[in-house]
Structure formats: C-alpha cells, structure tokens
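Let me begin by presenting the structure, written as structure tokens, before commenting on it.
No lab work stands behind these numbers, since they all come straight from the coordinates. Because the structure is predicted, anything quoted here is derived from the model rather than measured. In this analysis, Cβ positions are derived from the backbone assuming ideal geometry, glycine residues included, and neighbour counts consider all displayed protein chains.
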C-alpha cells in the first residue's frame, strides 16, 4: 500500500477540495471532513484507471513545492491518503479467527446478501483506506 499526499482546502460556504500534487488532474470534493477518505480513494482509483503508475513523492519533497507552500499559507492542510492499487485477480487464503467472530461475520454477511469473503474484503478495505 502506498500513500499519496493530498492538499485539503476549504473556502467559506464550499465543500472540502482535495488535490494531489503528485497526480496532475486528480481531484475530489467532500461535503464533510469525514467524507474525505471515501472521495479520496475514489479519485485515486479513477486517476489510475487511465494513467501510468506513479511513485509518491516524500512528504519533504511535497512541502518544498511552491504551490504546496502557497496552499498551506492560505489555510490548506496536507493529508496522507492510502492507495491500494486495483487488482481484481482473486487469491485464495487460509485465515484463522475466533469461532464467535466467524459466526458474527457469517450472520452479518448473510443479512447483507454478501458472501463471507466479500464481507471480510470489504471490511478490510474500509479499515485500511477508510472508504
């Protein structure tokens, strides 16, 4: 998993805007601070659909950029955003967990119309990325 730095800014009466200095044209907007992780993950997924792989710059390199320094001086903040590259190939794994937890997972997955595997994958992605 890699982390890309987002510049998060908010003007009065507007949504939170996100831009990624490493990824020209990659941007997102969230109505609330808590909504930022989901829109950031979606923006990264969309950007990487059509663009080549990029190695994220270090935080020190990002901070030294003139445009970033200007944004920070205007009140923006930097936020690390985790990115899990899309790879839809499935892998079979063997995991161990408490039986009670497994029963709870199975019951919840069934109630949501999901498989155990999709529930666990969805939960892990939400925990890692926040989306």
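The long axis of helix 36-50 is offset from the longest Cα principal axis of the chain by roughly 90 degrees.
With a/c under 1.5 counting as rounded, go ahead and sort the range 2-83 into rounded, prolate or oblate using the C-alpha gyration tensor (a ≥ b ≥ c being the square roots of the eigenvalues; past the cut-off, prolate if a/b is larger than b/c, else oblate). Oblate is the answer for the range 2-83, as a/c is 1.5 or above yet b/c matches or exceeds a/b.
Roughly how tilted is helix 99-111, in degrees to the nearest 10 and between 0 and 90, from the longest Cα axis of the chain? Long axis of 99-111 versus the principal axis of the chain: about 80 degrees.
As a rough guide to protection, the peptides 80-88, 48-56 ranked by mean Cβ packing within 10 Å, highest first, stand as 80-88, 48-56. Under the definition of Cα pairs under 8 Å and six or more residues apart, what whole-number percent is the relative contact order of the chain? It rounds to 29 percent for the chain.
Rounded to the nearest 10 degrees, the angle from helix 116-129 to the longest Cα principal axis of the chain is 20 degrees.
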